[in-house]
Structure formats: structure tokens, C-alpha cells
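Each remark here refers to the structure printed beneath this line.
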Amino acid sequence: MLKELEIADIIIDKLANASHIVVLTGAGVSAESGVKTFRDPDGIWAKFNPQELASIDGFMSNPKLVWDWYQERRAIVDSVLPNTGHLALAELERIVPKFSIYTQNVDKLHQRAGSQNVQELHGNIIENKCFDCNEPYFDNIEKDTLPKCKKCGGRIRPNVVWFGEMLPEQVLRNAERDASHCDFFITIGTSGEVYPAAGLPELAVRNGAFALEINANKTNISRLHQANIFAPSGLALPVIVELLKNKTR
Ligand code: BJW
Ligand code: ZN
């Protein structure tokens, strides 16, 4: 079935000769695991208001609503498995010289698939921290309670990056450095609408990288890539890895 997808030889040639591959992933890579994307017609933002649920103001005005919403999303993430796209990326890492994934996803599915070098641009929903003092919070969470910080009494929130918040400084710095120095950049399953992550493919291209986009649909940033595969990543990535292995064997 996988053979139905045609992948241009140039993509596999460039990959086989690449010494440093950087991957940017978004919600689309987890869609085939059963995690909803944000901006697709059936996505999270079609049903929920980002300002109410994924912003500091939203949390301050209704912490319980935001906390409960994240608890529901945690339960979904706990109940799903990495898909063939995540697994193929973990395999790709094992067969190329230098490889890193920068993910906007908060679900830890890359790590669960076995990827080693994964950096989280928007944090993750598995961990919690204090809203006021940033202290990590490790205690078990009782059902229907809003936990409080042991150090300062502040409210506990998920360790994600909301709109208007800075991305983790070191992760963003690493991403910009790697995007500028890699020779092959792959953008997978992101609409390219949220900055600064959406600026990374352009940074890579400006610095001489070959850029490939894999997305189920055309995006605002499709045109800046030299190659595009418009297909689900769970279908495209295993084919790419298999072709690459055949070429380098
Ligand atoms: C498939 C598929 C399959 C489906 N296979 N593909 C410069 C210009 C303009 C604005 C800004 C700017 N710099 C900063 C901003 C402001 C803002 C921003 O970008 N706003 C824009 C929306 C206009 N950025 C920020 O606020 C960031 N902070 C920041 O920059 O701080 C400094 C600063 C602050 C204020 C002003 C200026 C500077 C923080 C952004 C935080 C984003 N947070 C969220 C929520 C995380 C927590 C949570 O999960 O609850 O992160 S929002 C949401 O969007 C989530 C995602 O990581 C992020 C990106 O979404 P993604 O992954 O691209 O998903 P979708 O749904 O958009 O796309 C899915 C794609 O998959 C689609 O293309 C499908 O076709 C595809 N697909 N199935 C392959 N099977
Ligand atoms: Zn605190």
C-alpha cells in the first residue's frame, strides 16, 4: 500500500547526501494517532476559543475552565500511540549522521516513538509548573481540584507555551542555530501560522538548506520549500525512510 506514493528521486538523493537534517513538526504529525490538530476544519480551534483557553488572560479569568480542558486533553494523549510517521522519524534519526526534531507538539509522541533528539518549542502537557514562580510541580493531581504551588501558593498550570508567551529561550536559540546550519530541513504537519516556529523553514532556506514540506494540504509556507509532498505524514515518512535505506544499503 505504501508503494502507491511516488517520492521524487531528488528528495532521496539530497537526503542520502545530507550531513545535518533538521525537522520541524506540528499537530498534523499526530493526527493519525487520533490527536486533533488546531486549525483544520475539525480542529481544536473550530470548537474552542484560543484566547479563552490558551492565553494568560484566559487562565487568569477562569483557571478551572482552562485546567479542566487540559486534563481532558491529557487523557486523550495518554490513550493514544505514536503512529507510523513518528516511528519513521525515529528510524530516520538512527540512520543519518546528525538529526534533530523541533516540535510544536505538546504530546510527547516523538519521544514515545523512540526519537532521542527532540526539543519542544511549545512545552508539553504532561508536565506542570507554577503560574506565579515557574517552580515545576510533580505531585499527583487529585480529580476536580486546582493544585497550588508548594513554594508560593500560586496556581499550577500546564507547562505549555500560550499565545503571547515567550518560547523556551534555549530551545528557540538551538532551533535557529540548527535551522541556519543544516543542509536538509523538513517541515511536517504544520500550518505555518504560528511564529516564531513558522519562521524556521525560511531561515533554513535563506542559509542554503534544501527544504521539504510534508503536509496533507497546501499551507501558507508551502511555496518557500523546494519540494512538497502533499500526503499524510504517516503514509509519506515510512516510504521515504524505506527508499533511503534501499539507496544507502
Ligand atoms: C497533516 C495531517 C497528516 C493534518 N499528515 N499533515 C510574528 C508575526 C505574527 C504574529 C506573531 C509573530 N511572532 C509572534 C507572534 C504572535 C503569536 C503568533 O504567531 N500568532 C499568529 C497565530 C498570528 N506567537 C506567539 O504568541 C508565540 N510567542 C511569542 O512569539 O512570544 C514573543 C512575542 C509575543 C507577543 C508578540 C510578539 C512576540 C507563542 C505561540 C504559542 C502557541 N501555542 C499553541 C498552544 C500550545 C498549548 C496547547 O496545545 O494547548 O501551540 S497554539 C497552537 O498552534 C499550538 C501549536 O503548537 C501551534 C501551531 O499549530 P500547528 O502545529 O501548525 O497545527 P495546525 O492545526 O495549525 O496545522 C496542522 C497542519 O497539519 C495543517 O497544515 C494540516 O493540513 C496538517 N495535517 N493532518 C500531515 N495526517
Ligand atoms: Zn509558585
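The values are calculated or read from the model by the stated rules, or taken from the named source; none is laboratory data. Predicted model only: the values in this text are computed from it and were never measured. Positions of Cβ are generated from backbone atoms using ideal geometry, with glycine treated the same way; all protein chains shown enter the neighbour counts.
Descriptive notes on the structure:
- Those residues of region 1-59 which are under 24 Å from Arg94 (Cα atoms) and hydroxyl-bearing (Ser, Thr, Tyr), in sequence order: Ser19, Thr25, Ser30, Ser33
- Selection count, region 79-94, where residues are surrounded by 20 or more Cβ atoms within 10 Å (Cβ to Cβ), touching an Asp or Glu at 6+ places or on another chain (Cβ under 9 Å) and in a loop (DSSP other than H, G, I, E, B): 1
- Count of region 117-132 residues which are away from ligand 2 (no atom under 11 Å from the Cβ), in a loop (DSSP other than H, G, I, E, B) and not polar (S, T, N, Q): 2
- Selected residue (only one of Arg73, Arg112 is farther than 25 Å from Gly154 by Cβ, out of contact with any helix residue (DSSP H, G or I) (no Cβ under 7 Å at 6 or more places or on another chain) and part of a helix (DSSP H, G or I)): Arg112
- Considering each residue of region 142-158 in turn, at least one proves to be basic (Lys, Arg) and away from ligand 2 (no atom under 16 Å from the Cβ).
- Of residues in region 11-50 being of a type in the set (A, V, I, L, M) and touching a strand residue (DSSP E or B) at 6+ places or on another chain (Cβ under 7 Å), the one nearest to Asn220 (Cα to Cα): Leu24
- Unmet criterion (only one of (1) surrounded by 12 or more Cβ atoms within 10 Å (Cβ to Cβ); (2) farther than 30 Å from Leu15 by Cβ; (3) at pLDDT 95 or above; (4) out of contact with any Phe, Trp or Tyr (no Cβ under 8 Å at 6 or more places or on another chain)) for Ile141: (3)
- Pairs with Cβ under 6 Å, 6+ apart, first in region 105-124 and on the phi < 0 side of the Ramachandran plot and modelled with pLDDT of 95 or more, second surrounded by fewer than 23 Cβ atoms within 10 Å (Cβ to Cβ) and among the basic types (Lys, Arg): Asn124/Lys108
- Within the set Leu203, Leu172, Leu237, the sole residue that is in a helix (DSSP H, G or I) and in contact with a Gly (Cβ under 6 Å, 6 or more places away or on another chain) turns out to be Leu237.
- Residue check for Asp183: more than 16 Å from ligand 2 (Cβ to nearest atom), at pLDDT 95 or above, more than 14 Å from the chain's Cα centre (by Cα) and over 16 Å from Val106 (Cα atoms): yes
- Count of residues meeting criterion [within 11 Å of Leu24 (Cβ to Cβ) and either of a type outside the set (D, E, K, R) or assigned to a loop (DSSP other than H, G, I, E, B) (or both)] in region 213-224: 2
- Positions within region 200-221 being surrounded by 15 or more Cβ atoms within 10 Å (Cβ to Cβ), over 21 Å from Leu244 (Cβ atoms) and within 9 Å of ligand 1 (Cβ to nearest atom), in sequence order: Ala216, Thr219
- One residue stands out in region 35-78 among those that are of a type in the set (Gly, Ala, Ser) and away from ligand 1 (no atom under 11 Å from the Cβ): the one that is surrounded by the fewest Cβ atoms within 10 Å (Cβ to Cβ), namely Ala75.
- Residue match in region 91-105 (condition: away from ligand 1 (no atom under 12 Å from the Cβ) and within 15 Å of Trp67 (Cβ to Cβ)): no
- Close pairs (7 angstrom Cβ cut-off, 6 or more residues apart or separate chains): farther than 18 Å from Asn83 by Cβ in region 36-55, among the hydroxyl-bearing types (Ser, Thr, Tyr) anywhere: Arg39/Ser191
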